[in-house]
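Take a look at the structure below.
Only the coordinates and a few stated rules stand behind these numbers; no lab work does. If you're wondering where the values come from, they're calculated on a predicted model, not measured in any experiment. FYI the Cβ positions are ideal-geometry reconstructions off the backbone, even for glycines, and counts take in every protein chain you see.
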Amino acid sequence: MATFGVLGGGNMGTAMAQVAAVNGHTVRLWTIEPDTIADLRQNHRNSAYIGDVPLSPNIEATMDLREACRGADVVVICVPSQAVRSVMRDVASLLSAGQIVLNTAKGLEEQTHLRMSVVMADELPEALHPTIATMGGPAIAREFALGLPTAVAVAAVDFTVAERLRELLENDYFKVAAGTDTLGVELGATLKNVYAIPLGMSDGINLGANTKAIIGTIGMAELLRIGCALGGRSETLQGLAGLGDLLTTGYSPLSRNRTLGERLGANSGWQEYLDTHTVEGVPAIHTVRELIQPLRLETPLLEMMYEILFQSATPDVRLRRFLADYAFRQPN
């Protein structure tokens, strides 16, 4: 058995702590929210984030970052992508060589356009660089916290690190595909958020399953085009980390990116939702667009979402115009 320090008491942090605890590992879950600490300790729940899901009493909740990291074989980073750098800076002096650092955040750093594993390497001692890993794939936190069948992709430059994580995390309902394409997993995890938003928008406008399939097909083509142009492997992007994650994020009512899109399409409280929820796809649209500009790729769906979210284009009108232009052909 191993010791896990899970940093972040939101949806993903709670679910990852649950998987590790169910597998018999010692788990310390760090959060800065006193109400979450109290709920975890008194009720074995995290009601604010994953509702009434019963959690293992073996999850130890703490507000002490040093305690969470102390002696941990694996430190799991479950904070929003834009908070990863600051958390890494805080824990850099608390970690030592040999500890595995697994990131679950999905996105690029806005200011630098860097992937999360690169951000982590920027802040962590060089001795920890070989044990940095990343997780992607179709993993709605509440679902796998409940024990529903889930499969994810975990990648590290050193395959033995990814394989070790597979051994520690895998059980009869949570499966792990271990690999070395860290870049592909991180790009898939970022891009699927981008394309889940227009899938939700289609639902908000009530355009039906046929139209949603058109958007999904074009979105997946763009995801693959961008991901491969930036160095990801096509087999990674067509697997759990890309296509699989896009299906979950674009179709599940539990997905924040899809929900934002649905509200955009229905013109119903989308700005309020964005103000109160972390929706990784929104900054990703801006960041990815800037990142790929020198590549001169054709990405009309990405451009459409940029115009809607950052240039005040009307969602219904803009989406219908997009469909009229692109519904019957794939961009080159």
* Structure fact -> Simple SL model, points at 7 angstrom along Cα→Cβ for GLN42 and CYS228; separation in nm is 5.5
* Asked: Top mean-square fluctuation among MET135, MET120, MET88, Gaussian network model of the chain, C-alpha springs under 10 Å?
  -> MET88
* Low-density loop positions, trypsin sites (Lys or Arg not before Pro), the range 24-123 - DSSP coil, at most 16 other Cβ in 10 Å -> ARG70
* Using the beta-carbon distance between GLU307 and GLN271 and R0 = 25 Å, what value does 1/(1 + (r/R0)^6) give for FRET efficiency, to the nearest 0.05? -> 0.95
* Please sort 261-274, 204-217 by packing, taking for each peptide the average over its residues of neighbouring beta carbons within 10 angstrom, highest first. => 261-274, 204-217
* LEU254-THR180 pseudo-label distance in nm [points 7 Å out on the Cα-to-Cβ vector] -> 3.4
* How high is the FRET efficiency between SER56 and SER96 when r is their beta carbon distance and R₀ equals 25 Å, given to the nearest 0.05? -> 0.40
* Counting each DSSP H run of 4 or more residues in the chain as -39500 (n - 2.57), what helix-only mean residue ellipticity at 222 nm follows after dividing by all residues, to the nearest 500 deg cm²/dmol? -> -15500 deg cm²/dmol
* How high is the relative contact order of the range 184-326, in percent, with contacts defined as C-alpha pairs under 8 Å that are six or more residues apart? -> 33
* Take VAL154, VAL79 and order them by how many other Cβ atoms sit within 10 Å, fewest up front. => VAL79, VAL154
* Would you please classify the overall shape of the range 189-332 from the alpha carbon gyration tensor, given that a ≥ b ≥ c denote the square roots of the eigenvalues, rounded means a/c under 1.5, and beyond that prolate means a/b larger than b/c while oblate covers the rest? => rounded
* Structure fact -> Using alpha carbon positions and the Kirkwood radius, the Rg to Rh ratio of the range 130-247 is 1.02
* Where nothing but the Cβ of Lys and Arg (+1) and of Asp and Glu (-1) is charged, how large is the charge dipole of the range 184-326 around its Cα centre, in debye to the nearest 20? -> 200
* Asked: What is the antiparallel percent of DSSP beta bridges lying wholly in the chain, to the nearest 5?
  -> 15
